[in-house]
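Each value in this text was obtained by applying a stated rule to the coordinates, not by laboratory testing. Because the structure is a prediction, the values reported are computed rather than measured.
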């Protein structure tokens, strides 16, 4: 009986935690973000503000406004941007900036901080600034 009680308690705690975290990981209802794209020599290619709603994602805004290419399952550039690794996309191309994933990649900075999250896991908050930067592997990033 004691094991059943403990099991029910753990199950209820897990369910409550899941719903609590899912509510915390939501975009603001409405807002505006800035997306800046920097090329391999450090020049800013674009820096533009975009409105968003709670249903938008960083990827959807990027894909609507730029020519985006993603990694396929073999990490080769593809025009089809499907979620791959850990249920996220890997961006290899934004407009004229193209990387190969092995020697170079596009890093994401959120409000000046290097993002450890994939593009599909980033939550949008009003006023956020996102920098997509061409980065050489081993460049101290």
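The shape of segment 28-136 can be summarised by an equivalent ellipsoid whose semi-axes, obtained from the alpha carbon gyration tensor, come to 21, 16, 12 Å from longest to shortest. Here the relative contact order of segment 28-136, from alpha carbon pairs under 8 Å that lie six or more residues apart, stands at 33 percent. Across all directions, the shadow cast by the convex hull of segment 100-140 built on its C-alpha atoms averages 3.2 square nanometres.
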